[in-house]
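Written out below as C-alpha cells is the structure these notes cover.
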Amino acid sequence: MTPPDFVQVFRQSSPYFNAHRDSTVVIYLDGTALQHGDAALPLIQDLALLQSLDVRIVLVAGARPFIDSEMQAQGLDWQCHQGLRITRKEHLPAVAQAVGQMRIELESWFSSAQAKQSYAVRPLFISSGNWVMAKPLGIIDGIDFQHTGAVRRIETDPIKGVLDMGHIALLTSQAYSMTGDIFNLSSMDVAIEAAIALEADKLIWLVDSEHLNAARAALPTELSANDMPALLDKANLPDSTNKLLRDSYRAAQEVDRVHLLDRSQDGALLRELFTLDGVGIMINQNDYDMVRQATIEDIGGILSLLDPLEASGALVKRPREQLEMEIDYFTVLERDGTIIGCAALYPYTDNAAAELAAFAIDNKYRRGGRGGKLLAEIEKRARLAGIKTLFLLTTQTMHWFIRHGFVQADISALPSQRAQLYNFQRRSAVFTKDLA
Ligand SMILES: CC(C)(COP(=O)(O)OP(=O)(O)OC[C@H]1O[C@@H](n2cnc3c(N)ncnc32)[C@H](O)[C@@H]1OP(=O)(O)O)[C@@H](O)C(=O)NCCC(=O)NCCS
C-alpha cells in the first residue's frame, strides 16, 4: 500500500475505533474453522487485535466436528433430528473429551497468536467457566433428546467480570443443569442467548463461505430485521443457510446488529467492523425510523418541518411551488407515517459535486442520532450516484458538520453556478466533504 493509500484507509477507519471501543461483541466460530490448525491463526490474530482495541469479545466456539471425530474414534453411533444430535448418556464422555480438546487447542492458539503476530498487542487471555445453565430439550415429535439441552440461563455477571479484566470469554456447547447433569447444546443457540442476555452490541457469525454465497445471491447485503420474514419466504435457500438466517432474525429482535461473515476470508472481521461497506451481510434490528426517497405526498410534512426553521433564519425559505418542483432531490426520515427529518441533495454533475440543503430533524426527535443517520444515508446515495464531493452552506450548524467530517472551505470551492448565487448578506459558511 502506498503512503497516501494508507493515510486514507486509516482516516476512513478511525471513526470505527471509537464506535467499537467498550462495545460487547459475541462472535460465533464454527468448529470446522478450528479443526484445520494454522488456518485458524489469522482469525485468532484478528480477534487479538480487536481485543487490544478494547472490544469486549465473547467467543462461542462450535465443537460439532470435534465431537463427530471423537464419537467415530470411540465407535459410537448417533442420530439427529431437526439438525440436532440426540445426545445419549453414553455419548457424554466423548462429548466432554472433544469439547475439552477444542478448548485446549483454542487456548494454545491464543497463546501462540501473540508470539506470531507482527503488531504488538497486550497479553491475551481467554477464560471460560460454568456460565451457561442448561435444561433438557425434552421430547420433540415423540423423540427424547436425552442429554441434548437448551439454554436455561446465561450467568452474565461472571462473564462481564472476565470481560472487565480484558479477557476474551469463551463459551462452548457444554452446559450444566441445576441438578449437575451435563448437557450438549447447540452452540448457535448459546451464541444467540448470550448476545441477548449480555445486551451485546453485535452478534457475528463466522461461518462457511457456502452460507455467504447462498445468502448474497438471494438477499441484499444490508437488511432490516423487519424485512427478513418476507425475504426469506421468497428466497430459495439451502436448509442450513435458511436456518442460520432465521436464527439471525431471532437474534436481531434483540441485538442491534447481526453480521454474517465468511470465516475463510482473510481479514473479514476487520473489514466488516472498520470499513464503511463491510464484506458480509448485516442485519439491523427492527428500526421504526425509515429513510426513504420523498414523494409529492410528503410536501405537507416537509413544509411543517421546515417552516419554523425558515422562520428562525436557520434555513433559507423554500416556497411550496419550489418544493414541488424539487421533490425528487429530497430524502425524508419517516416515523409511524410522520415526516420527522428531511434533506435535499442538489447535484452539480459537471464536477461530480452535490449540495446538501434543507437538512433538518424535527425538534422533538433531536439528539437521538437521527441527524447522523440521515447524513450517512445521504452520503451513501451520493456515492452510488458517483458524487465525489458534498458541499453545504450553513450559518448555525458549523460544528455539527465538522463533527461529521466536513471541513470549512472558501466560496471558490463551490461549483461556479452555485458560487454565482451566493448570498453575501447571509454570509453562510461553506463546508465540503470528500466522499472518495
Ligand atoms: C443539525 C441537526 C440536523 C442534528 O440532528 P440530530 O438528530 O439532533 O443529530 P444527532 O443526534 O446525530 O446529533 C446530536 C448532537 O449534535 C449536537 N448539535 C445539534 N445542533 C448543533 C449545532 N448547531 N452545532 C453543533 N452541535 C450541534 C447536539 O448537541 C448533539 O450533541 P451530543 O451528541 O454531544 O449531545 C438538527 O439539530 C437540526 O435539525 N437543526 C436545525 C436545522 C439545521 O441547522 N440544519 C442544518 C442546515 S445547513
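LEU305 fulfils the conditions (1) out of contact with any Ser or Thr (no Cβ under 8 Å at 6 or more places or on another chain); (2) more than 29 Å from ARG366 (Cα to Cα) except for a single criterion, (2).
Of the residues making up the range 122-145, those that are in contact with a helix residue (DSSP H, G or I) (Cβ under 9 Å, 6 or more places away or on another chain) and surrounded by fewer than 19 Cβ atoms within 10 Å (Cβ to Cβ) are ARG122, PRO123, PHE125, SER127, GLY129, ASN130. Within the range 194-208, being surrounded by fewer than 24 Cβ atoms within 10 Å (Cβ to Cβ) and in a helix (DSSP H, G or I) holds for ILE196, ALA197. Among the residues of the range 307-323, those identified as among the aliphatic types (A, V, I, L, M) and in contact with a helix residue (DSSP H, G or I) (Cβ under 6 Å, 6 or more places away or on another chain) are LEU315, LEU323. Across the range 377-403, the qualifying residues are those that are of a type in the set (Ser, Thr, Tyr) and within 12 Å of the ligand (Cβ to nearest atom), and the one among them that is farthest from ASP277 (Cα to Cα) is THR395. Of the residues ILE402, ILE387, the single one that is assigned to a helix (DSSP H, G or I) and closer than 20 Å to GLN8 by Cβ is ILE402.
For ILE361, the conditions (1) surrounded by 13 or more Cβ atoms within 10 Å (Cβ to Cβ); (2) away from the ligand (no atom under 16 Å from the Cβ) all hold with the exception of (2).
Pairing each residue of the range 274-286 that is under 13 Å from ARG216 (Cα atoms) with any residue that is surrounded by fewer than 21 Cβ atoms within 10 Å (Cβ to Cβ) and among the aromatic types (Phe, Trp, Tyr), provided the two are 6+ apart or on different chains, yields C-beta distances under 8 Å for ILE283/TYR249.
Each row is one residue, and each column tells you yes or no for (1) touching a strand residue (DSSP E or B) at 6+ places or on another chain (Cβ under 7 Å); (2) at pLDDT below 90; (3) in the same structural domain as VAL25 (by TED's automatic domain parsing).
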position: GLN265; (1), (2), (3): no, no, yes
position: ALA268; (1), (2), (3): yes, no, yes
position: ASP277; (1), (2), (3): no, yes, yes
position: ASP298; (1), (2), (3): yes, no, no
position: ASP307; (1), (2), (3): no, no, no
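Listed by position, the strands (runs of 3 or more DSSP E) contained in the range 225-340 that have at least 1 residues being more than 21 Å from the chain's Cα centre (by Cα) and surrounded by 14 or more Cβ atoms within 10 Å (Cβ to Cβ) are 330-335.
Filter the range 12-41 down to the residues that are surrounded by 17 or more Cβ atoms within 10 Å (Cβ to Cβ) and in contact with a Gly (Cβ under 9 Å, 6 or more places away or on another chain) and list them by number. Listed by number, the residues that qualify are TYR28, LEU29, ASP30, GLY31, THR32, ALA33, LEU34.
Yes or no, residue by residue, for (1) closer than 20 Å to SER304 by Cα; (2) in contact with a helix residue (DSSP H, G or I) (Cβ under 9 Å, 6 or more places away or on another chain); (3) in the same structural domain as LYS317 (by TED's automatic domain parsing):
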| position | (1), (2), (3) |
| --- | --- |
| ASP336 | yes, no, yes |
| ALA344 | yes, yes, yes |
| ILE361 | yes, yes, yes |
| GLY386 | no, yes, yes |
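State all residues of the range 364-397 that are loosely packed, with under 15 Cβ neighbours inside 10 Å and among the hydrophobic types (A, V, I, L, M, F, W, C); if no residue qualifies, say none. Hits for the range 364-397 are ALA376, LEU384, ALA385. Checked against (1) acidic (Asp, Glu); (2) away from the ligand (no atom under 16 Å from the Cβ); (3) not in a helix (DSSP H, G or I), GLU355 passes all but a single condition, namely (2). Looking only at the range 169-183, decide whether some residue is over 16 Å from ALA134 (Cβ atoms) and buried (at least 24 other Cβ atoms within 10 Å of the Cβ). Looking through the range 169-183, at least one residue is over 16 Å from ALA134 (Cβ atoms) and buried (at least 24 other Cβ atoms within 10 Å of the Cβ).
Return yes or no: is ASP208 closer than 20 Å to ILE44 by Cα, acidic (Asp, Glu) and at pLDDT 90 or above? Yes.
Yes/no matrix, rows are residues, columns are (1) of a type in the set (D, E, K, R); (2) outside any strand (DSSP E or B); (3) at pLDDT below 90; (4) more than 24 Å from the chain's Cα centre (by Cα):
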| position | (1), (2), (3), (4) |
| --- | --- |
| PRO4 | no, yes, yes, yes |
| SER13 | no, yes, yes, no |
| ALA19 | no, yes, yes, no |
| THR32 | no, yes, yes, no |
| ALA48 | no, yes, yes, no |
| VAL60 | no, no, no, no |
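Taking the conditions (1) closer than 30 Å to GLY386 by Cβ; (2) within 13 Å of the ligand (Cβ to nearest atom) in turn, LEU323 satisfies each one other than (2).
Inspect the range 173-186 for any residue being closer than 26 Å to ARG271 by Cα and assigned by TED's automatic domain parsing to the domain that holds THR24 and give the result as yes or no. No, every residue in the range 173-186 fails to be closer than 26 Å to ARG271 by Cα and assigned by TED's automatic domain parsing to the domain that holds THR24.
The values are calculated or read from the model by the stated rules, or taken from the named source; none is laboratory data. Given the structure is predicted, the values throughout are model-derived calculations rather than measurements. Methodologically, a virtual Cβ is constructed for each residue, glycine included, from the backbone with ideal geometry; neighbour enumeration extends over all protein chains shown.
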